Amino acid sequence: MQSYETIKPDLEAYLTLFSARQKQDYSIHLVCDNDGQALRMEELLRSRDLNCRVILSEIKKDQVKKSNAITANEFSPRDLLQGYQDIVICTGPMQTGFIFPDARLLMVTDREMFGRYKRRHVERRKYKGRAIAAVTDIQRGDYVVHIDHGVGRYIGIREQNIDGRLTELIELEYSDGNKLLVPVENVGHVQKYSSTEGAAPALDNLGGTQWKKRRKKSQEKVEQMAKELLEIYAKREAAVGEAFSPDNTWQVEFEDSFLYQETPDQLRAIEEIKADMCSNKPMDRLLCGDVGFGKTEVAMRAVFKCVMEKRQAAVLVPTTILAQQHFHTFRERFADYPVRVGVLSRFCTDAEQRETIRALKKGEVDVVIGTHRLLSTDVEYLDLGLLVVDEEHRFGVAQKEKIKRLRASIDILTLSATPIPRTLHFALGGLRDMSVINTPPRDRLPVRTRVIHFTPNDIQEAITREINRGGQIYFVHNRVETIARVATQIKSVVPKARICIAHGQMHERELEKVMVDFIDRKFDILVATTIIENGLDIPNVNTIIINRADAFGLAQLYQLRGRVGRDVKRAYAYLVVPDGRPVTDTALRRLRAIEEFTELGMGFQIALRDMEIRGVGNLLGSEQHGAIDTVGFEMYCQMLEEAVQLMRGGGQVTDETVEIQWKISALLPSEYVPVESQRLNFYKRCAAVRTGKELEDMRAELRDRYGELPQATLNLLSISLMRILARRAEVSKVSATGKGFTITPSGDLFDFLRRALELREKSKKIKAISAGADGSIVFEIEAWNAEKGIEFAMKILKILGNEPNR
């Protein structure tokens, strides 16, 4: 047994080897890391007229299309006798292949073929748990919004006996110390008030008119926004573009040469973008993902696909440094293919810019990366097929208008590092094509964050730790006038450190040289302004020190911290505050939040509410900020969702507008769920569920976390199920009475009454049905008991909602 002749990672060379060995009657086995890769290899080999057979480890045969794949359980050695010349593609943990001439056996790995020697881990399915802390969690003292009464302050939950039934009431405080008690069954009317950072609202007057006026004004803004979104959507649906072809061999090879395992979100985003590109409608997709979550790789695959069709692609970025960074990244990634990459920015001389513009017009440059210079009138393309826009909100109005005009004719992919809240995503109801990358890359560690004083010992310790492990450091100081003095101070603390300075007022050539030298590790510390904030990716930099961190906003601190921790090494962020000088309470809360919530893709959301609201401005326009500050973020999203549904002609009663009044104890007892904030959180979830499946999941979660459910909690879940059924039956209110219950339909009362009377003929339990004075239908039931009768009421709602009784 021996290694076969050394072959550099080259697909053609390996295909030649396969053909030669097949002629010598060798048994050839190609070992892949996972089933998906095995299927891609089968497609690749068949496109080159090489016979092959795939043995899968996990994927069921009925999930595989256009393949003669079998699973490992179905495999028999006799299968190989059907055609010994077939190349067998299978999966396994093999690093390198070998040849066994005596047995005429050749083993090859896909990693050798593509030069991908890093292990590709198969993504395991994980239990989709739920973090206890969420962005919408309400704590005592938080501002909240009641749909009818406006902005108040949450005081707490109190347990109370009302008409012989035990319930919990949410206590809210309004102006002049007035209190409002909200039954937990109406918790859907109460939402956390979230607005842009530092915007503290005034408490409303109970019974006053100001809230209604403000809400009406915000409603008008929201409806105008919904109308504009629907118009844009209609134009995009009517437009006709040029469809791209399915992936070719080079596309498969290019994607398989990626050194890392794609996250599930990345793969989903790639598929969605390719589907858009292959349709005959112009793509206009927003790709949202946290810093360092792999948006650039997704964009590069779209660019490569465009170039494979002999069309040009442009990548528009907000800063010169980012243009240069992307230029190097794209050029390195495309190095093995005949793809010509150019750059247009102030780092280029006039002669270099003229040459790039000439080559673009002639079709001699396939991909161009640049700042707003790309939108200049003198820049012409031979055949532009794709425009990638990085952080569109950072461009001016004139640039945005030019991008808008391009949207009608070419595919546009917009990248955003600002998280888009799921509530907003849902509210838009598909009007904006969005792909979201929420999962961090495998092995990525959260950045360890500390608040320190500007003292020689603290600074020296932070810098020395990183230099001793061979890394580099960003030192952010956002004042150009004093940046040189700070660099001198650092030099006096760490004399052996090699220090360079970068800021936006430097000459282009000087700034470019500093950045290139830092990337080439000629310096240990880069003392810079926030010029490094966007997109800069240097894996060897794993410590960032942010001077006067108390002067930065949450969003900016988070973006700056995202410049490190982009490798498998542990990264550190030091938030420096002045020694012996006071820090404001707002700044202190901000620093504590960013220090505490460091987990990737989870806890940081609490600290990023401000950033998410900025995301709304980026997505919908800055004029929407006023509406958000007026009614709060959660209510804004609810209003937008209702406006979009109404204008689409799909208006219907939502879960939150269904009122249930049932005379039974329905609550989470404090002895069952002791933590108040958790009880409130579950109440809100109960009010918001839309399906029986969600309710069953909640029941299982409660049992798993707190034990068997008491009767009062079972009653609470039954009322939530009743709310779902009422919504489906177009009912706005269900109330228990002394002799039965009443149902108030939101639609045609007479049609509803007719169907209800038909039920009376079929059920002996119903003594009488009549119309109430308030527009309700009154059901009188034999031997009525509210606690036992809830099941019968739900049965009636199922029938009235035309739902099968199961």
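The values are calculated or read from the model by the stated rules, or taken from the named source; none is laboratory data. No experiment lies behind these values; they were computed from the predicted model shown. Here Cβ is always computed from backbone atoms with ideal geometry, including for glycine, and neighbour counts include all displayed protein chains. The accessibility values were calculated without ligands, DNA or RNA, using every heavy atom of the protein model including side chains. Shrake-Rupley method; radii C 1.70, N 1.55, O 1.52, S 1.80 Å.
Brief remarks follow.
- Largest-first ellipsoid semi-axes for segment 666-747, taking √(5λ) over the Cα gyration tensor eigenvalues, angstrom: 25, 15, 11
- Label-zone membership for segment 455-481, site R581, 7 angstrom Cα→C-beta point, backbone N under 13 Å: 455, 478-479
- For segment 443-597, the alpha carbon convex hull comes to 108 Å³ per residue, rounded to a whole number.
- For segment 656-695, the alpha-carbon radius of gyration amounts to 1.29 times the rule-of-thumb value 2.2 N^0.38 Å expected for a compact globular protein.
- With all protein chains modelled, accessible area of E271 [1.4 Å, Å²]: 110
- Enclosing the Cα atoms of segment 318-406 in their convex hull gives a volume equal to 99 cubic angstrom per residue.
- Against the empirical curve 2.2 N^0.38 Å, the C-alpha radius of gyration of segment 173-294 lands at a ratio of 1.77.
- 17 Å tail of the calculated P(r), segment 241-383, as % of Cα pairs: 62
- Given K192/K788; K212/K235; K192/K235; K281/K362; K192/K569; K684/K795, the pairs whose alpha carbons are separated by over 31 Å: K192/K788; K212/K235; K192/K235; K192/K569
- For segment 495-532, the list of GluC sites (Glu not before Pro) that fall in a loop by DSSP and count at most 13 other C-beta atoms within 10 angstrom is empty.
- Model label points for Q160 and T691, set 7 angstrom from Cα along the Cα-to-Cβ axis, are 3.7 nm apart.
- Computed over segment 649-800, the convex hull of the alpha-carbon atoms projects to a mean area of 9.9 nm².
- Dimensionless Rg/Rh of segment 487-576 - Kirkwood Rh, Rg from C-alpha atoms: 0.94
- Spacing of the modelled spin labels on R104 and N280, each 7 Å from Cα toward Cβ, amounts to 5.2 nm.
- Estimated translational D of segment 266-333 in µm²/s (Stokes, Kirkwood radius over Cα pairs; 25 °C; 0.890 mPa s): 187
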